[in-house]
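Chemist: Quick one: this structure, given as structure tokens, is what I'll be asking you about.
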Amino acid sequence: MICRSCGTEIADKAIVCYRCGTSTTEARYKAPAPRRPRSAAMSIATVLAVALLAVFALYMDRMTTFGASRTVGWVIAVVAVVIVVLRGVARRS
């Protein structure tokens with residue numbers, strides 16, 4: 001058999017060319033596509049979501065003491081959860 005890359009005569013059962021190292025057959029599996037690097041916006045969104053959850057926890061703790069509106073606390077929680085969910089969806093795509 002002749003190597004398809006360098007033209008050297010190699011054994012019929014050879015897996016690779018001894019001279020250039022080229023494979024004699026096509027690969028069975030293809031390498032996975034490289035992953036996209038994470039953007040700074042996604043990291044900022046994650047930090048923002050964690051900060052909002054921390055503010056929510058503090059607000060809910062103080063709310064029982066001062067009798068503040070529960071609506072504000074739930075809005076903070078919903079915004080943080082939406083950010084986390086959108087981050088997860090963006091990560092999968």
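The values are calculated or read from the model by the stated rules, or taken from the named source; none is laboratory data. What you see is a predicted model; the values in this text were computed from it and never measured. Here the Cβ is made from the backbone with ideal geometry for all residues, glycine too, and neighbour counts use every protein chain on show.
Chemist: Does region 34-58 hold any residues that are loosely packed, with under 13 Cβ neighbours inside 10 Å, in a helix (DSSP H, G or I) and either touching an Asp or Glu at 6+ places or on another chain (Cβ under 8 Å) or polar (S, T, N, Q) (or both), and which are they?
Modeler: Once the filter is applied, which keeps residues that are loosely packed, with under 13 Cβ neighbours inside 10 Å, in a helix (DSSP H, G or I) and either touching an Asp or Glu at 6+ places or on another chain (Cβ under 8 Å) or polar (S, T, N, Q) (or both), region 34-58 yields only Ser43.
Chemist: Would you please list the contacts, defined by Cβ atoms under 9 Å and residues six or more apart or on different chains, that run from a residue in region 15-43 that is more than 30 Å from Arg87 (Cβ to Cβ) and touching a residue at least 12 places away in the same chain (Cβ under 8 Å) to a residue that is part of a strand (DSSP E or B) and among the polar types (S, T, N, Q)?
Modeler: Qualifying pairs under 9 Å: Cys17/Ser23.
Chemist: Here are the criteria: (1) modelled with pLDDT under 85; (2) among the charged types (D, E, K, R); (3) out of contact with any helix residue (DSSP H, G or I) (no Cβ under 7 Å at 6 or more places or on another chain). Tell me which single one Asp12 does not satisfy.
Modeler: Of everything listed in (1) modelled with pLDDT under 85; (2) among the charged types (D, E, K, R); (3) out of contact with any helix residue (DSSP H, G or I) (no Cβ under 7 Å at 6 or more places or on another chain), Asp12 misses just condition (1).
This table checks each residue for (1) closer than 29 Å to Trp74 by Cα; (2) of a type in the set (A, V, I, L, M, F, W, C).
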| residue | (1), (2) |
| --- | --- |
| Ser5 | no, no |
| Ile10 | no, yes |
| Tyr18 | no, no |
| Ser23 | no, no |
| Pro34 | no, no |
| Met42 | yes, yes |
| Ala45 | yes, yes |
| Leu48 | yes, yes |
| Leu52 | yes, yes |
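Chemist: On to the next question. May I ask you to list pairs of residues, at least six apart or on different chains, whose Cβ atoms are under 8 Å apart, with the first in region 75-93 being under 11 Å from Thr46 (Cβ atoms) and in a helix (DSSP H, G or I) and the second being modelled with pLDDT under 80 and hydroxyl-bearing (Ser, Thr, Tyr)?
Modeler: Listed by first residue and then by second, the contacts come to Ile83/Thr46; Val84/Thr46; Arg87/Thr46.
Chemist: Just wondering, is there one or more residues in region 14-33 that are under 30 Å from Arg92 (Cβ atoms), part of a helix (DSSP H, G or I) and not hydrophobic (A, V, I, L, M, F, W, C)?
Modeler: no
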